[in-house]
Amino acid sequence: MEDNYDKILWEGYGLRFLGGNRIRTGYLCKTDIGLLEIRKSNSQKKRILFEHDIKEYLYQKGFHHINRFIMTQTALPYYTWEENDYVVEKASETQHLEEDDKQTFLTGAKLLGKLHNTVKGLNSASGYFTAKNRLEVYEKRRIELLKIKKRIEKQGSYSSLDLMIKQKFAYYIEKIEQSKKLFLEADYEKIVETVSKQKTICHNAFKGENIRQDENGNLLVTGFSKCTYDSNMVDLAMYFRRYLKKQQWDIEVVEKMFYAYASENTLSLQDKKILLALFIYPEKFLSLCNEYYNKRRVCVSPAMLERMEVCIAGIDSNEKMIKWLETI
């Protein structure tokens with residue numbers, strides 16, 4: 001295995017491999033320019049190029065909370081060897097931020113706002129737009145939920161999961177409709193136009209394991225491989241949900257997170273409507289339905305039942321959060 005890394009570093013980067021060891025995220029290599037981490041990438045080449053464009057743009061604009069790719073001898077951010085793509089970065093001693101601490105989320109929200117504000121305007125030929133597909137996706141999920149209900153009603157007997165879906169069907173259908181209505185009120189075409197014009201980027205995986213800190217307290221954002229052009233509010237809504245799940249629906253701190261974020265990236269009235277629409281949309285419930293019904297599971301596992309129970313049990317708290325978002 002070490003011979004492979006030796007060849008990749010020498011042939012791809014012109015670097016000497018001086019030994020190393022496997023780590024959780026890849027392979028830690030000693031080289032003639034210091035410690036480097038080499039990873040096999042599962043992303044398409046276009047996504048690696050987009051990630052590279054994002055990191056370089058951020059760095060040039062003063063956002064240094066990132067690890068940039070080491071470029072190959074042919075000026076690419078990846079090297080292809082034996083039909084696999086590899087990326088190389090400087091190694092850094094960091095720990096992910098623990099999400100059992102409320103301060104972590106306040107720090108994260110401020111950092112997310114800074115990231116979103118700094119990366120605006122990046123024009124990358126490798127970028128992928130997701131904003132334009134949202135209403136289509138919502139309509140597709142609504143139709144799928146209607147089909148699931150019909151399928152359940154055709155059966156002679158109901159499982160515990162079937163009963164939960166039947167009992168809460170009207171509530172979740174209403175939430176999908178409310179979300180779609182809010183997007184239309186916010187002029188969805190204008191939302192897509194704004195994303196296209198401002199080139200706003202969504203990280204899509206902004207969470208504790210991708211927010212890292214070194215021994216000096218310096219923060220590092222990782223996990224850019226899922227980035228797309230989209231409304232910044234997608235990240236913020238996801239980060240709010242993550243906090244509420246971890247911290248027992250403490251809405252007081254969410255308010256502080258909101259203002260910490262807004263101190264770095266000012267929110268328009270349209271942004272606030274998008275944030276509310278995204279939060280109303282019952283993504284977790286629909287994801288669980290898809291996992292079981294659309295994949296034709298033979299039986300309902302105890303784990304699946306528990307996850308659905310937890311999801312439904314959060315309805316009252318979710319409604320409190322929605323009411324707060326309506327006031328901002």
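When both residues are 6+ apart or on different chains and their Cβ atoms are under 7 Å apart, which pairs have a first residue that lies in segment 69-88 and is closer than 10 Å to I38 by Cβ and among the small types (G, A, S), and a second that is in a loop (DSSP other than H, G, I, E, B) and open to solvent by 50 Å² or more (accessible area, probe 1.4 Å)? Short answer, once both residue conditions are applied: none. Among the residues of segment 223-260, those that are within 28 Å of P77 (Cα to Cα) and outside any helix (DSSP H, G or I) comprise G223, C227, T228, Y229, D230, S231.
Within the set L145, L161, L220, the sole residue that is over 25 Å from L325 (Cβ atoms), hydrophobic (A, V, I, L, M, F, W, C) and in a helix (DSSP H, G or I) turns out to be L161.
Criterion applied to Q73, Q95, Q103 was being surrounded by fewer than 13 Cβ atoms within 10 Å (Cβ to Cβ) and assigned to a helix (DSSP H, G or I), and the one residue passing it is Q103. Here is a check on your reading of the model: is G12 of a type outside the set (D, E), under 25 Å from E209 (Cβ atoms) and crowded, with 16+ Cβ neighbours inside 10 Å? Criteria not met by G12. Any idea which of N204, N232, N265 is polar (S, T, N, Q) and within 22 Å of Q95 (Cα to Cα)? Going through N204, N232, N265 in turn, just one is polar (S, T, N, Q) and within 22 Å of Q95 (Cα to Cα): N204.
The number of residues in segment 6-58 that are touching a Gly at 6+ places or on another chain (Cβ under 7 Å) and in a helix (DSSP H, G or I) comes to 1. Selection over segment 203-255 of residues that are open to solvent by 10 Å² or more (accessible area, probe 1.4 Å) and aromatic (F, W, Y) gives a count of 2. Scanning segment 116-154 for residues that are more than 23 Å from L236 (Cβ to Cβ) and among the charged types (D, E, K, R) turns up E139, K140, R142, E144, K147, K149, K150, R151, E153, K154.
The values are calculated or read from the model by the stated rules, or taken from the named source; none is laboratory data. Note that the structure is predicted; figures quoted are calculated from it, not measured. Cβ coordinates were reconstructed from backbone atoms using ideal geometry, including for glycine residues, and neighbour counts include every protein chain displayed. Accessible surface is based on the protein model in full, side chains and every heavy atom, while ligands, DNA and RNA are left aside. Shrake-Rupley method; radii C 1.70, N 1.55, O 1.52, S 1.80 Å.
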